[in-house]
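Novice: Below: one structure in structure tokens.
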Amino acid sequence: MAVKDKLKEELFPTIWCPGCGIGLIMTQLATVMDEIGLDERNTVIVTGIGCTGRMGAYMRFDSVYTLHGRTLPVAEAIKTVRPELNVIVVSGDGDTASIGGNHLLHSIRRNPNITVLCNNNEIYGLTGGQAGPTTPKGTNTVSSPAGTVASPVNLQGLVNTNPQAYYAKTTVYHQGQMRRAIKEAIDWPGFSFVDITSQCIENNGRRIGFPSANEMLMYFKKEYRQAPSAARHLEHHQLGIVKGSPEAAVPVAPTAGGDGHSAE
Ligand SMILES: Cc1ncc(C[n+]2csc(CCOP(=O)(O)OP(=O)(O)O)c2C)c(N)n1
Ligand code: SF4
Ligand SMILES: [Mg+2]
């Protein structure tokens, strides 16, 4: 098999704008799938609504194009009835953490063995550039022309409320690191989340001052730095992986004489 066999090239060009970061994620995901032998017999892709959600249509896999924000319950249901399948969710920041935010909280704590790739372009791309849950404070958007007033949601913090989960931060510029993170996340025996900073040049980038997608990529190159490998927490604009432990202690039901925690 080859990487291109994972893609429905007959449907190209894609619907995405020239310079959009989503295609870079799709290519790296297809590369990893080829490397580790994922195909339409052993893997299903679940996507949400938004520009990111169109990825399922371009990959040669069975995929479910769910309602907006509903990727995670659908993915968990598939994993429950077909545990032998690899279940990979591909979802935008808005889909994952705004309308899908409540599902995100509860998927994290249920710890299903699924992988989430979040295309974090820090905007509602499809609908024209409204502020989303990860939009940095002060950003000028269609829905906040004077700058957003709210702080962005802390995806790392949310995922790491589950000590058994896997969280990785990467960008579409750092393709080798992105591939490593996607591969490890798919291998992880529990909830895994890859938070991928990318560019929406059409409905965000130009408004905030980037003349082209390339300038956004160069910004990611300049701004993002690798965290020390032993880091247990990634600082702002640090790339890296924070692995929980599948054996980490989690609260368990109290028993007479017990302390309410599993043994460490
Ligand atoms: C129930 C519902 N509410 C709102 C919408 C409109 N809508 C479609 S996509 C979207 C946001 C997409 O943003 P994101 O998930 O970040 O994806 P992107 O387009 O940036 O890839 C919204 C609000 C919808 N389709 N369904
Ligand atoms: S609107 Fe933004 S996120 Fe959507 S395809 Fe265009 S560049 Fe990509
Ligand atoms: Mg988005």
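Novice: Suppose we filter 207, 225 for residues that are in contact with a strand residue (DSSP E or B) (Cβ under 8 Å, 6 or more places away or on another chain), open to solvent by 20 Å² or more (accessible area, probe 1.4 Å) and within 16 Å of ligand 1 (Cβ to nearest atom); which single one remains?
Specialist: Just one listed residue meets the conditions, 207.
Novice: Would you call residue 19 in a helix (DSSP H, G or I) and at pLDDT 95 or above?
Specialist: no
Novice: Now for a different question. Going by what's in this entry, would residue 51 be described as over 18 Å from the mean Cα position of the chain (by Cα) and within 13 Å of ligand 1 (Cβ to nearest atom)?
Specialist: No; evaluated as a whole, the condition is false for this residue.
Novice: OK, next. Among the numbered criteria (1) within 16 Å of ligand 2 (Cβ to nearest atom); (2) at positive phi, which one does residue 131 miss?
Specialist: Here residue 131 clears every test but (2).
Novice: Kindly indicate the residue of the range 120-147 that is surrounded by 21 or more Cβ atoms within 10 Å (Cβ to Cβ) and in a strand (DSSP E or B) and also farthest from ligand 3 (Cβ to nearest atom) among those meeting that condition.
Specialist: 141
Novice: Regarding residue 9, is this residue over 28 Å from residue 123 (Cα atoms), more than 16 Å from the chain's Cα centre (by Cα) and not hydroxyl-bearing (Ser, Thr, Tyr)?
Specialist: no
Novice: Could I ask something else about it? Give me the residue from the range 162-205 that is among the charged types (D, E, K, R) and part of a strand (DSSP E or B) and, out of that set, nearest to the chain's Cα centre (by Cα).
Specialist: Residue satisfying both the conditions and the ranking: 195.
Novice: Take the conditions over 20 Å from residue 141 (Cα atoms), free of Cβ contacts under 8 Å to residues at least 40 places away in the same chain and out of contact with any Cys (no Cβ under 9 Å at 6 or more places or on another chain) and apply them to residue 231. Does it pass?
Specialist: The answer is yes for residue 231.
Novice: Given (1) in contact with a helix residue (DSSP H, G or I) (Cβ under 9 Å, 6 or more places away or on another chain); (2) free of Cβ contacts under 8 Å to residues at least 24 places away in the same chain, identify the lone condition not met by residue 38.
Specialist: Residue 38 satisfies all of (1) in contact with a helix residue (DSSP H, G or I) (Cβ under 9 Å, 6 or more places away or on another chain); (2) free of Cβ contacts under 8 Å to residues at least 24 places away in the same chain except (2).
Novice: If you go through the range 98-119, how many residues are within 16 Å of ligand 3 (Cβ to nearest atom), of a type in the set (A, V, I, L, M, F, W, C) and surrounded by 24 or more Cβ atoms within 10 Å (Cβ to Cβ)?
Specialist: Total meeting the criteria: 4.
Novice: Among 159, 153, which is within 16 Å of ligand 1 (Cβ to nearest atom) and β-branched (Val, Ile, Thr)?
Specialist: 153
The values are calculated or read from the model by the stated rules, or taken from the named source; none is laboratory data. Bear in mind the structure is a predicted one, so any value in this text is a computation, not a measurement. Cβ atoms come from the backbone with ideal geometry, glycine included; neighbour counts cover every protein chain shown. Side chains included, ligands, DNA and RNA excluded: accessible areas come from the protein's heavy atoms. Shrake-Rupley method; radii C 1.70, N 1.55, O 1.52, S 1.80 Å.
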